[in-house]
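Colleague: Okay, handing you the structure first.
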């Protein structure tokens, strides 16, 4: 073999040895991390330096980041001290609904005049506890007393979805032929929204003499257009005992059904027209006739509905 051939073989063996030795030295001098781990670790170091550089406020929730590539702490997402509740259910508000404020033209008959009626309710409080106030009354010269005024002040407690239970006092005053009669009652009731969007109000009344009566009312809004709404209204009263001073007999007292078509000029302000059918039954109808009233009436109405 020539000298030149021997030199070429030596150079080739040297290159092969360097190729084998270099990765071994590199593996011993570098951490045994994958490319992804080295990238993630470098990102953590960068984020930590950025957090120090930006001087974050002490009340800002901190993200505890570990410099270890194997252990990373999850961010602390719990509300910090002094943070508001994510659900604002503690604020008190005031709401008033004038559901009925109407004029009833005279429908004929000697001594009959045009009458009026109102039905107002509202509350002050939050989502769970409320102070309710309710007032309704009418002048109806063709039926029962000349004037009938009712006021309630109730505590309401949210019990389940869409329903409040209510308890408190009620005062009722009637005027007939220039004389007034007044009585106080206790109220236990429930109010809410039943399936198919019927507004329900049911109450049990007990007066100062232990006389028991009850009332049930239902209303339903039918949207003809976005602003033209037809409201159906149903109400009935029952009594366990007879109370002649208030033209009330035992059993079923009356049924009232009405339809009112309103136009919402604004959502809070709606004029309406409609009619109301009211009929008394049993002992109540007899007492109405004895006082010169009509136990069955159809009244045309015009009025306003407002809320704020």
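Colleague: Can you confirm whether residue 197 is surrounded by 13 or more Cβ atoms within 10 Å (Cβ to Cβ) and in contact with a strand residue (DSSP E or B) (Cβ under 8 Å, 6 or more places away or on another chain)?
Modeller: no
Colleague: If a residue must be surrounded by 19 or more Cβ atoms within 10 Å (Cβ to Cβ) and in contact (Cβ under 8 Å) with a residue 24 or more places away in the chain, how many such residues does segment 126-135 contain?
Modeller: The qualifying residues number 2.
Colleague: Cβ contacts < 8 Å: first residue at positive phi and touching a residue at least 24 places away in the same chain (Cβ under 8 Å), restricted to segment 232-258; second residue part of a loop (DSSP other than H, G, I, E, B) and surrounded by fewer than 16 Cβ atoms within 10 Å (Cβ to Cβ), any location; separation 6+ or different chain. Result?
Modeller: From residues that are at positive phi and touching a residue at least 24 places away in the same chain (Cβ under 8 Å), the pairs are 247/291.
Colleague: When you check residue 205 against the structure, is it touching a strand residue (DSSP E or B) at 6+ places or on another chain (Cβ under 6 Å), at pLDDT 95 or above, assigned to a strand (DSSP E or B) and surrounded by fewer than 17 Cβ atoms within 10 Å (Cβ to Cβ), yes or no?
Modeller: The answer is no for residue 205.
Yes/no matrix, rows are residues, columns are (1) modelled with pLDDT of 95 or more; (2) assigned to a strand (DSSP E or B); (3) more than 15 Å from residue 281 (Cβ to Cβ):
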residue: 222; (1), (2), (3): yes, yes, yes
residue: 230; (1), (2), (3): yes, yes, yes
residue: 233; (1), (2), (3): yes, yes, yes
residue: 237; (1), (2), (3): yes, yes, no
residue: 241; (1), (2), (3): yes, no, yes
residue: 245; (1), (2), (3): no, no, yes
residue: 255; (1), (2), (3): yes, yes, no
residue: 258; (1), (2), (3): yes, yes, yes
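Colleague: Of the conditions (1) touching a helix residue (DSSP H, G or I) at 6+ places or on another chain (Cβ under 6 Å); (2) surrounded by 15 or more Cβ atoms within 10 Å (Cβ to Cβ); (3) over 24 Å from residue 116 (Cα atoms), residue 251 clears all except one; give me its number.
Modeller: So the condition that residue 251 fails would be (2).
Colleague: Would you say residue 150 is closer than 25 Å to residue 290 by Cβ and modelled with pLDDT of 90 or more?
Modeller: So residue 150 passes the test.
Colleague: Mind listing whichever residues of segment 130-142 are modelled with pLDDT under 95 and more than 23 Å from residue 113 (Cα to Cα)?
Modeller: None; the set is empty.
Colleague: Moving on. If only one of 96, 107 is under 30 Å from residue 276 (Cα atoms), surrounded by fewer than 17 Cβ atoms within 10 Å (Cβ to Cβ), in contact with a strand residue (DSSP E or B) (Cβ under 7 Å, 6 or more places away or on another chain) and modelled with pLDDT under 70, which one is it?
Modeller: That would be 107, the only listed residue that is under 30 Å from residue 276 (Cα atoms), surrounded by fewer than 17 Cβ atoms within 10 Å (Cβ to Cβ), in contact with a strand residue (DSSP E or B) (Cβ under 7 Å, 6 or more places away or on another chain) and modelled with pLDDT under 70.
Colleague: Would it be correct to say that residue 264 is closer than 30 Å to residue 291 by Cβ and surrounded by 13 or more Cβ atoms within 10 Å (Cβ to Cβ)?
Modeller: In short, no.
The values are calculated or read from the model by the stated rules, or taken from the named source; none is laboratory data. Because the structure is a prediction, the values reported are computed rather than measured. Ideal geometry is used to build each Cβ from the backbone, glycine not excepted, and the neighbour counts take in all protein chains shown.
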